[in-house]
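Colleague: Here it is, the structure, as structure tokens.
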Amino acid sequence: MSCVSVSVGVGQDGVTNRALTLLRTMLFSGRNKKLVSNSKTVLYAQPLQFYGQPPLENISLSEFESFAVDRLKLLKTVENLGVSYVKYSEQYSKKLEAELKTLNFPYRTEVDDPEKQRKDHISHFILRLAYCQTEDLRRWFIQQEVDLFRYRFNKLSCKKKLEFLHNNNLQYNTISVEEKNHLKEKLLISSYGINGVTLEEQDFYKVPFQDALDLVRTRKVYLKEGYAYIPHNEIVAIVLNDFRTRLSKALALTARSLPAVHSDERLQPLLNHLSHSYLGQDYSVQKNVGKISLEQIDSLAGKSFPLCMRQLHQALRDNHHLRHGGRMQYGLFLKGIGLSLEQALQFWRMEFIRGKVDADKFDKAYAYSVRHMFGKEGKRADYTPYSCMKVILSNPPSQGDYHGCPFRHSDPELLKQKLQFYKVSPSGVNQILDLVKGMHYQLACQKYFELTHNVEDSTFSLSHPNQYFIESQKHLGGGKDVKREMDTPQRSQENSAARGSSAAQEPAVNESQYLAEMTKNLETYF
Ligand code: SF4
């Protein structure tokens, strides 16, 4: 079996230790085996870690992929739960524990299970590779990892927490008994969950206030001369701050080493899929081609298009033109809902010749790219409609562009106006804007779906504009004709068109088919 050697990270001394060593085909040597098993014993002896040491062992490509996909599912669940429930509430904890169990990650923090620890460790490092590439990706990854870490740290017993601090050399300055007695009244008044008895029992840590911003913001600690006085029961705040800082630095270091990964033709497409692409249903496989008429599009846009497509449709009708990014995003979406090539040509031609483009120019300059989208020109790649992840993360719109995701790319004030114009209630607008503020763009879009379709709790998890359309049609009961058959084989054949140059690239079909096996069912998480 093909194996890859994974070695990604930062040396103990904080200096990059070949931040990412080339992931290359290797076989175990006897010496390596011994080294690996020793390091495993040390690495996986604890129920939780800071991921300071990269994995050194060889793993098969299939394990590499399955670990990565499982962690992505887990992190997506962490994100969804964080929005749907009060973080760390009973319900939140129960659901997260169930997910950890199902995906075979460590969930009983008192019971050490080296195999689960190993999966936890390796999968974290694989996703570092995939999620170090842009600021947006890094921010998302750090947030979910920090939330996961907090949940797991809070689950540790007091003894294990102290062990964790000790093992990771986390020594925070405790104040002396004299100082504690001197500040007693102030600590009692200012510290959350502390009474006279617990004050006696607990150590207090004195840290620069910027290391405990969460506690300062929520007014849970005593502040004096730039220092926060943190009771032991809130120590997670400083540990998390440490974790966040380390992870952020590690991602920046990993990003510098990306060229090495990109030279590996087996890993690059996988990492791109993990970070940028939608890994579920392939909305290019049509069974309803030609089942919608061009006359239906205006009314469908108002009822069943997600905001990104509604915006593109409106801009096209108003300006009789869309730039390349808009034509690709909207054109592939229309193809996904069932427009045939002939219909698409007719649709774009009719609209463009209402503007400054005459029929001749359309045929020369634009018809080619429509046919290209349908795989009839150039490399004859059958391009897949863009997923939300792709729209949100790639090719941001500039002045005069209408593509992108309005929840991600619109100015909040403009978004507010748009939502009001589409008759979303004031409280609905606020809910959506809150989600946008928390960078939960797909959840904001799903809320928009719920509000505009008058449903309390939509049962799907939005990941794709075409999925939005199908769900809307199902809900409105008008989807019999345009509803796409849902039993098409899943392929994660997102075309690999990179940012801003989508027409020039071809999807790696074989890789995608292979990945599809690995990423089966992932769409339910997105
Ligand atoms: Fe479109 Fe997805 Fe953004 Fe909704 S979340 S507007 S479907 S890109």
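The values are calculated or read from the model by the stated rules, or taken from the named source; none is laboratory data. Since we're looking at a predicted model, the values are computed, not measured. Quick reminder, even Gly has a Cβ in these numbers, built from the backbone with ideal geometry, and neighbours come from all protein chains shown. Note: accessible area is taken over every heavy atom of the protein model, side chains too, but ligands, DNA and RNA are not part of it. Shrake-Rupley method; radii C 1.70, N 1.55, O 1.52, S 1.80 Å.
Colleague: In terms of modelled amide H atoms, which long-range or inter-chain residues lie less than 5 Å from the amide H of Ala228?
Modeller: Placed amide hydrogens put Val207, Phe209 under 5 Å from Ala228.
Colleague: Once the convex hull of the C-alpha atoms of the range 138-275 is built, how many Å³ does it hold per residue, rounded to a whole number? Could you put the intermediate results ahead of the total?
Modeller: Details: hull volume 18.4 nm³, N = 138.
With only Cα atoms used, the range 138-275 gives 134 Å³ per residue.
Colleague: Same structure, new question: Using the Karplus curve 6.51 cos²θ - 1.76 cosθ + 1.60 with θ = phi - 60°, what ³J(HN,Hα) values do you get for each residue of the range 395-406, in whole Hz, with x for Gly and Pro?
Modeller: Result, ordered by residue: 6, x, x, 10, 3, x, 9, 10, 7, x, 10, x Hz.
Colleague: Carbon-plus-sulfur fraction of the accessible area of the range 307-421, 1.4 Å probe, in percent?
Modeller: On the way: 2460 of 5010 Å².
That fraction is 49 percent.
Colleague: Tell me, what is a quarter of the convex hull surface for the C-alpha atoms of the range 394-436, in nm² with one decimal?
Modeller: Numbers: hull surface 12.8 nm².
Mean projected area for the range 394-436: 3.2 nm², to one decimal.
Colleague: Let me ask another. Cross-link list Lys94/Lys423; Lys87/Lys119; Lys94/Lys416; Lys101/Lys220: which exceed 30 angstrom alpha carbon to alpha carbon?
Modeller: Details: Lys94/Lys423 37 Å; Lys87/Lys119 25 Å; Lys94/Lys416 35 Å; Lys101/Lys220 33 Å.
As for pairs spanning more than 30 Å Cα to Cα, those are Lys94/Lys423; Lys94/Lys416; Lys101/Lys220.
Colleague: Show me 75-81, 246-252 ranked by packing, highest mean number of other Cβ atoms within 10 Å first. Intermediate values should be presented prior to the final figure.
Modeller: Working: 75-81: 21.3, 246-252: 17.1.
Highest-to-lowest ranking by the protection proxy: 75-81, 246-252.
Colleague: Another question about this same structure. Using θ = phi - 60° and the Karplus relation 6.51 cos²θ - 1.76 cosθ + 1.60, list the HN-Hα couplings for the range 359-366 in order, rounded to whole Hz, with x at every Gly or Pro.
Modeller: For the range 359-366, the Karplus curve yields 4, 5, 5, 4, 4, 7, 9, 10 Hz.
Colleague: Can you give me the solvent accessible area of Ser461 with a 1.4 Å probe, rounded to the nearest 10 Å²?
Modeller: It works out to around 30 Å².
Colleague: Follow-up. Quick check: the distance between the Cα centres of the range 219-248 and the range 402-435, to the nearest angstrom?
Modeller: 35 Å
Colleague: Also, I was wondering about something else. Residue by residue through the range 210-221, what is 3J(HN,Hα) from phi via Karplus (6.51 cos²θ - 1.76 cosθ + 1.60, θ = phi - 60°)? Round to whole Hz and write x for glycine and proline.
Modeller: For the range 210-221, the Karplus-derived couplings read 5, 8, 9, 4, 4, 6, 5, 4, 8, 6, 9, 9 Hz, x marking Gly and Pro.
Colleague: Which of the three applies to the range 363-441, rounded, prolate or oblate, going by the alpha-carbon gyration tensor with a ≥ b ≥ c and a/c under 1.5 meaning rounded?
Modeller: Details: a/c = 3.03, a/b = 2.39, b/c = 1.27.
In terms of gyration-tensor shape, prolate.
Colleague: Can I ask one more? Just order 437-450, 151-164 by mean Cβ neighbour count inside 10 Å, highest at the front, would you? Mind dumping the intermediate values first?
Modeller: Details: 437-450: 20.4, 151-164: 15.7.
Most protected by this proxy first, the peptides run 437-450, 151-164.
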